[in-house]
Each structure stands twice: as structure tokens, then as C-alpha cells.
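Asker: The structure under discussion is supplied below as C-alpha cells; questions concerning it will follow.
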Amino acid sequence: MKINVLDHQTIDKIAAGEVVERPSSVVKELVENAIDSGADAVTVEIKDGGISLIRVTDNGSGIEKSQMRNAFLRHATSKISTADDLTELVSLGFRGEALASIAAVSMVEAVSKVEEDLTGIRYVIEGGVEKELEEVGAPNGTTILVRNLFYNTLPRKKFLKQPQTEGSYVADLMEHLALSHPRISFRFIINGQNRFHTSGSNDLKEIIYRIYGKDIVKELQEFHAQGDGFSVDGYLGTPLINRSNRNYELFYINGRFIKSSLIGKAVEDGYKEYLMQHKFPFCVLHFTIDTGRIDVNVHPTKMEVRIAGGQEFYEQLREMVYNRLHEQEMIPEVSLEPPGQQKKKENIPEKREHVPEPFETKRLAQEKAVRENAVQEKVVHEQTVLTGSIVREMPHYQDSTAKDNKQPSANAPSGEKAKTAPVQMDLFDNRLLSASAREHYKLIGQLFDTYWLISYQDKLMIIDQHAAHEKVKYERFIRRFQEHGVVSQNLNPPLVVTLSGREKECLIQNMAHFEALGFVLEEFGGNDYALSGVPVDLYGYQEAGLFYELLDEMAEETFSGTPEGIRMKIASMACKAAVKGNARMSVQEADTLIEELLSLQNPYQCPHGRPTMITMSKYELEKKFKRIVT
């Protein structure tokens with residue numbers, strides 16, 4: 001067997017395959033070099049998806065004339081000098097492979113000038129072979145033009161996709177790069193047309209607006225948190241802008257756009273109670289992590305990173321995300337207008353005109369008097385909060401179960417409740433689910449044997465009884481499970497369940513989990529088991545049916561008994577045991593359910609991410625009845 005020593009051109013082409021996969025790879029390497037040079041303005045232009053032309057211009061520090069040739073040598077870099085520098089790396093590039101790899105498979109022209117020099121340098125290299133080197137007049141900074149990508153490696157070129165598709169990859173990359181450095185002004189031009197231009201004002205929200213639009217921006221929450229050895233800043237999207245894939249989970253570490261399953265899982269688990277299954281959040285998060293804790297030297301693309309202390313990092317980030325989401329009310333507000341009309345309304349200044357009905361002079365005069373009287377009473381109303389349970393307007397219904405246990409004073413008239421001492425109202429507490437707001441709810445009734453209607457000020461709140469009951473049961477289960485206080489309800493007589501061989505094996509493997517969830521099982525001979533106890537909140541449900549359903553889920557899935565696996569099983573149990581839609585509930589039952597729901601820390605979504613409640617504004621209803629013309 002003969003051993004061949006490859007020439008430099010062949011070596012360069014082979015190595016280029018790792019770094020230069022498609023036009024977007026070239027743009028990534030060149031823009032990262034521009035960022036590392038200290039530029040605060042970068043322009044990227046492509047034609048034919050970047051296959052025929054890529055131009056990257058920056059106003060950074062430039063390349064000295066004497067160093068231009070060295071810049072295109074393999075493993076030549078200004079970022080590091082020894083392997084020890086890798087542990088303290090702050091630059092985006094460091095391998096010294098990018099320019100050599102790009103030049104090996106394309107025609108490259110570079111023009112650069114440093115501030116101290118009067119003239120710049122122009123260098124042309126094609127297929128790794130130097131063609132020209134000359135002094136030229138040039139502005140400070142660097143411009144690199146890459147033409148005819150893969151012109152000398154046709155097998156690679158034929159695997160490229162259509163120019164439009166390749167251009168979309170570059171556009172996606174440029175959006176990520178713009179979001180990674182808000183302080184830098186990025187201009188992106190494709191086939192002579194400006195795609196976007198950021199200001200470089202260091203306002204991340206402005207860039208999100210320019211790229212994703214106002215519908216996304218209005219659903220963002222600022223996010224700032226500090227962990228052990230790291231900090232995170234950025235924006236979390238509300239559950240209303242969830243996606244069906246992870247393309248909108250954007251993570252940056254020390255200014256570098258990265259992909260991280262660890263960070264992704266922590267964020268998704270923080271959203272767990274707010275999103276339905278197979279839905280993913282929108283977020284843009286910038287992490288600052290000590291360089292000694294991360295390893296970016298994992299892959300030539302430098303998009304994969306390792307984080308030391310991954311489990312602790314995951315737990316802290318998950319809790320941070322959950323806590324931030326919990327600070328906001330997550331009640332979706334619905335509109336009666338089609339989406340197109342909603343956008344039209346947003347773009348046109350709103351003109352509200354109340355249209356009186358014919359022959360209403362007397363009624364309008366009465367309303368005016370009421371409004372004037374309300375203004376006088378407002379001061380009193382804002383100074384005191386009257387006690388009382390939910391105000392009910394159901395016909396012929398009287399509340400015989402006072403929940404507040406407040407007794408009328410000796411001097412109070414019979415049948416009236418005494419007023420407490422006046423307390424200062426928190427004028428900034430305008431949440432629908434605050435303690436003060438709850439006292440002024442009006443329970444109207446049940447719709448379609450599924451939804452409960454509540455009015456409060458200028459809002460109509462609609463509660464899904466199944467999602468609400470599921471959430472309440474889930475929280476009870478979780479609380480008892482975490483406190484090791486799961487209570488079982490005895491079944492007398494026990495139910496005998498017969499299992500297949502596979503089901504029996506699954507039960508044996510997961511017996512500890514069934515017991516932890518509150519099931520009591522004993523062998524009854526052969527493949528039979530006696531089910532003598534179930535979780536107390538499931539009593540009355542088809543106990544054997546629930547047991548079989550959970551057993552089937554554990555048999556079909558890879559159930560590891562992790563906290564997340566247990567949580568999902570508890571969510572499944574709560575869902576199966578909750579009151580269903582199309583089931584009639586009494587007003588007393590609904591009142592008790594709503595009271596308990598509103599006492600939860602997160603009452604907004606069921607464990608599977610469905611909303612428990614939505615709201616509709618009085619304004620929307622009045623528009624439909626033409627009381628308001630816009």
C-alpha cells in the first residue's frame with residue numbers, strides 16, 4: 001500500500017469542507033471576523049443566494065499591509081497564540097481556518113486599511129492561489145468579496161439548493177447575527193434590495209421589531225436574571241406566540257449565536273405549564289458566562305457549546321423562566337374581529353364614536369346623571385374596599401354558605417354584613433385575579449354546560465370548567481406528592497385487575513411510582529392484582545380504567561421516573577379525573593371551583609398548556625352592536 005502526501009491545495013479543499021458548507025457558512029465566518037475587528041457597522045450583500053457574490057464590508061480595525069498574506073494562511077489567527085488562550089476566549093473566531101478555507105473554494109478579493117496608514121492593501125486569491133497584491137486607496141476597515149463559490153469543486157456545488165433557498169439561509173443567519181450584537185448597525189442587501197437595516201442603538205427590542213414585527217413585540221416580556229456564574233438578559237414571549245418548532249428559541253452566549261439542548265430544555269420546562277404539548281416558546285436570550293465554564297471548541301461551526309455544571313445551570317434557568325412568567329397575568333383576550341380587520345384597526349388611528357339609538361333622549365340623560373354621580377363616588381371607592389364573596393346574579397339563588405366567615409356586628413341591621421375598617425387600595429393593582437378584584441366578580445351563569453361566565457368592570461371572563469378543574473386537581477396532586485403526603489382512598493371491595501405479561505412487567509418496574517402516586521396494589525395470584533386504594537381526589541372516577549390508562553402510557557413511553565416524568569403522569573391523572581365539558585355543575589360547585597382556581601399561583605393554563613380562562617372586552621361587544629364606530 002502506497003502512502004501519498006497530499007499537496008496544500010488538496011488539503012485546503014478537504015479542510016474547507018468542514019468550515020464552508022454553503023454560502024451562509026461564508027457569511028457567518030466573515031461577519032464574525034468583522035465583529036471581532038471592533039466594527040460598529042457591517043454591510044452584507046449577496047447575489048444569487050451568495051453563490052455568485054458575497055460582499056462583507058466593515059469599519060473595524062482593518063488588516064495591516066504586512067499581514068494580509070498571513071491572514072489567508074491556514075491556522076493563522078490574531079485571536080489566540082497558545083492552547084491556553086482557549087480557556088479565556090472572548091472572540092467569535094479563533095481557529096484561523098475561515099479565510100484559507102473560503103479562498104480554497106472561491107475567488108476572493110480583500111481590500112483593507114488600518115487607521116494609521118494613508119493607503120490600504122488589495123489582495124486577490126483564487127482557489128488558494130495568490131493572483132494580485134497591491135496598494136490602493138481605501139476607507140478604514142475591511143471589504144471582502146467572495147465570487148463563484150465552489151467553482152473549482154463542482155461536486156460540492158451541485159449539492160447546493162436553489163439560489164432562493166440558499167439566500168433564505170443567509171437571511172436567517174443575518175437575523176441571528178443582528179440580534180447577537182444590538183450595538184452594531186447591520187445592513188443586509190439581497191439581489192440589490194435592502195432586506196433590513198438596524199440602527200446599532202443597542203436596543204434589542206428594536207431589532208426584534210424590525211425582524212419579526214409589532215405583533216411579536218407586543219407579546220414580549222423583559223427578562224433579567226442572575227445565576228451562579230452567569231447572567232441572562234433578553235425577552236420571553238407570552239404563550240400566545242408559541243411555535244410548532246424550536247426555530248424561534250434564540251440563544252446567545254457571550255455574543256455568540258449557539259444551539260444548546262441544555263438551555264433549550266431549561267427554557268421549555270420553565271414554560272411547561274403555559275404551553276400545550278409539541279408547542280415551543282419564542283424567546284431571545286443573551287447569556288454572559290465565565291469563559292472558564294464553557295467550551296466552544298466542539299465543532300468547526302462553533303455553534304455547539306458545553307457548559308460546566310450543566311445540571312445546576314439547568315435548574316436555575318428553568319426556575320428563573322418559570323418565576324418570570326408567573327409574574328404576569330396570562331389570560332388571553334379574544335377579539336370578535338377577523339385577523340385582517342384587527343390589523344387594519346392597528347394601522348389606522350382609532351376614532352371612537354358612540355352612536356345613540358333612536359328615541360333615547362331620556363335614557364341618555366339618565367346615563368349622564370349616573371356618570372356624574374359616579375365621578376363623585378370614585379374617590380370613596382378608591383379609598384375603601386368592601387368585603388364580600390362573589391356577587392351572584394343567578395335567578396332565585398341565595399348564598400347559604402358564606403365563605404368569609406365574617407359575622408355582622410351587633411348593631412348591623414338584620415341580614416346585612418358589617419363593613420370592615422377602610423383600607424388603602426393599591427391603585428397599581430389592576431390585575432383581574434387580584435384579591436380586591438375577586439370581591440367584585442359577578443357570576444352570570446353556565447354556557448353550553450361547559451363554560452362559566454363572569455363579569456368584572458369592562459371585562460367578560462369565560463372559564464372552561466374542565467381545564468379549571470384539571471388545574472385544581474393537578475395542583476393538589478403536585479402539592480401532596482412534593483410533600484410526600486399523597487392520600488389514598490380505600491376501595492371496598494378491592495377491584496381485581498388482570499394484566500397481560502407485558503403489562504405485569506411494566507407494573508413491576510414502575511410499582512414504586514404507582515405507590516408514590518397513591519395507588520395501593522397487591523398480588524392476587526397469577527397475573528391478577530387487587531387494586532385496593534386510589535389517590536383520594538380520583539375516588540369516583542373509573543378507578544380501574546384510570547389504572548389501565550396510566551399503565552398503558554408507561555408501557556408505551558420511555559418512563560424514567562424523573563420529576564418531569566412523574567409530573568406528566570400527575571397531569572394525565574388530573575385530566576382524566578376532572579369534570580368534563582358538557583357536564584352540568586351547580587352554581588355552588590362552580591363557585592367553589594372558581595374560588596380554588598383563583599387561589600393558585602398559576603391559574604392561567606391547565607397542566608397541558610390549554611388556557612383555563614379567556615377574556616373579552618366591553619369595547620369588542622359594543623363594536624359588534626354598533627354602539628361604537630371605529
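The values are calculated or read from the model by the stated rules, or taken from the named source; none is laboratory data. These figures come from a predicted structure and were not determined experimentally. When we count neighbours, we look across all protein chains shown, and the Cβ atoms used for this are built from the backbone with ideal geometry, even at glycine. Note: areas computed on protein heavy atoms with side chains; ligands, DNA, RNA excluded. Shrake-Rupley method; radii C 1.70, N 1.55, O 1.52, S 1.80 Å.
Asker: Starting at the first residue of region 53-65, write each ³J(HN,Hα) from the Karplus equation 6.51 cos²θ - 1.76 cosθ + 1.60 with θ = phi - 60°, in whole Hz, x for Gly and Pro.
Answerer: Values, residue by residue: 8, 10, 10, 10, 10, 9, 10, x, 6, x, 10, 5, 4 Hz.
Asker: With the Cα gyration tensor of region 235-298 giving a ≥ b ≥ c as the square roots of its eigenvalues, does the rule (a/c under 1.5 for rounded; else a/b larger than b/c for prolate; else oblate) give rounded, prolate or oblate?
Answerer: prolate
Asker: Shifting gears a bit: Could you sort Tyr235, Tyr441 by their accessible area in this structure, using a 1.4 Å probe and putting the largest first?
Answerer: The most accessible residue leads, giving Tyr235, Tyr441.
Asker: While we're on this one: Taking amide H positions as placed 1.01 Å from N in the peptide plane, with prolines and chain starts having none, which residues 5 or more places from Gly533, or on another chain, fall under 5 Å of its amide H?
Answerer: So Gly533 has HN proximity to Leu491, Val520.
Asker: So who's got an amide H within less than 5 Å of the one on Arg183, skipping anything under 5 residues away but keeping other chains? H placed 1.01 Å off N, in plane.
Answerer: Amide H neighbours of Arg183: Asn202.
Asker: Sticking with this structure for a sec: Rounded to the nearest 0.05, what FRET efficiency is calculated for Glu315 and Leu154 with R0 set to 45 Å and r the Cβ-Cβ distance?
Answerer: Efficiency, from the Cβ-Cβ distance: 0.35.
Asker: Can you give the extra length, in nm with one decimal, that the chain gains between Glu505 and Glu483 once fully stretched, where that is 0.36 nm per residue apart less the Cα-Cα distance?
Answerer: Roughly 5.0 nm would be gained on extension.
Asker: Going by accessible area, probe 1.4 Å, with all protein chains left in place, what is the ranking of Arg122, Arg147, largest first?
Answerer: Most to least solvent-accessible, the answer reads Arg147, Arg122.
Asker: Where in region 217-234 does the amide nitrogen come within less than 17 Å of the point 7 Å from the Cα of Ser201, taken along Cα to Cβ?
Answerer: Answer for this model: 217-218.
Asker: Based on the Cβ-Cβ distance of Asp290 and Gln221, what FRET efficiency does E = 1/(1 + (r/R0)^6) give at R0 = 22 Å, to the nearest 0.05?
Answerer: Efficiency computed from Cβ-Cβ geometry: 0.25.
Asker: Something else: Could I have the simple spin-label model distance between Leu118 and Tyr209, label points 7 Å from Cα toward Cβ, reported in nm to one decimal?
Answerer: Here the modelled spin labels are 4.7 nm apart.
Asker: What FRET efficiency, computed as 1/(1 + (r/R0)^6) with R0 = 41 Å and r the Cβ-Cβ distance, is obtained for Phe625 and Lys259, rounded to the nearest 0.05?
Answerer: 0.20
Asker: For every other residue with a beta carbon closer than 10 angstrom to the beta carbon of Leu149, add +1 if it is Lys or Arg and -1 if Asp or Glu, then tell me the sum.
Answerer: +2
Asker: On to the next question. Once you place label points 7 Å from the Cα toward the Cβ at Gln193 and Ser52, how far apart are they in nm?
Answerer: In this crude spin-label approximation the distance works out to 1.6 nm.
Asker: While we're here: Which peptide among 257-266, 191-200 comes first, and what is the full order, when sorted by highest mean count of other Cβ atoms within 10 Å?
Answerer: Result, highest mean first: 257-266, 191-200.
Asker: Enter the accessible area of Lys618 (Å², nearest 10), with the probe set to 1.4 Å and all protein chains included.
Answerer: 110
Asker: Using the Cβ atoms and a cut-off under 14 Å, what net charge is assigned to the surroundings of Tyr248, where Lys and Arg are +1 and Asp and Glu are -1?
Answerer: -2
Asker: Rounded to the nearest 10 Å², what accessible area does Asp552 have for a 1.4 Å probe in the complete protein model?
Answerer: 70
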